[in-house]
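Structure first, then comments.
Computed from the coordinates by the stated procedures, all read-outs in this text should not be read as laboratory data. Note that this is a predicted model, so its numbers are computed, not measured. All Cβ positions, even for glycine, are placed from backbone atoms using ideal geometry, and neighbour counts span all protein chains on display.
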Amino acid sequence: MCEFNLVKAPVQGIISGILRDRKKYLIVKEADLKCKRTRPLVFPAVDKVLANWVLQCQSKRVMLIGDLIKAKAKRFATVSSVQDEQLLSFSNGWLLAFQKRHGFRHMSANGESGSVNTGAIHAQRDAIRERLKRSR
């Protein structure tokens with residue numbers, strides 16, 4: 001008891017339970033060590049597909065808001081044939097946990113730079129070049 005600096009010694013049932021469930025404790029991630037209890041993902045396939053979609057959007061520099069991520073999560077859940085009674089609420093708390101789990105942060109674009117359509121820029125640039133060539 002003094003070796004582990006415990007206030008009182010654990011009872012035999014606690015020790016037996018920990019030893020019985022040792023696999024569960026060994027796979028706990030570093031981030032989950034501070035949590036009181038770990039909750040497994042209800043639909044890991046939906047979570048994985050949604051995380052990949054968010055990564056694709058971020059690579060294309062698409063600005064995502066929380067409501068859009070929640071709507072896409074509902075869409076992926078229905079496509080994955082999740083029953084309505086099993087369907088998650090996709091609340092703000094769920095969104096925060098999802099972002100924390102995958103390391104996503106909310107990024108904001110200031111000014112007009114976040115709303116620029118790069119495809120339109122390239123098309124207009126080509127049109128301007130053609131006009132300049134014709135005017136020479």
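For the set Lys23/Lys70; Lys70/Lys100; Lys74/Lys100, the pairs lying more than 21 angstrom apart at their alpha carbons are Lys23/Lys70.
Per-residue Cβ neighbour counts within 10 Å put Phe4, Phe104 in the sequence Phe4, Phe104, beginning with the fewest. With each label modelled as a point 7 angstrom along the Cα→C-beta vector, the Ala123-Leu41 pair spans 3.7 nm. Note on Asp67 and Val11: their simple-model spin labels are 5.2 nm apart, each label 7 Å out from Cα toward Cβ.
Using the crude model of +1 on Lys and Arg Cβ and -1 on Asp and Glu Cβ, and no other charge, please compute the dipole size for the stretch 12-102 relative to its Cα centre, in debye to 20.
300 debye
On the basis of the beta-carbon distance and an R0 of 22 Å, Leu26 and Ser80 show a calculated FRET efficiency of 0.15.
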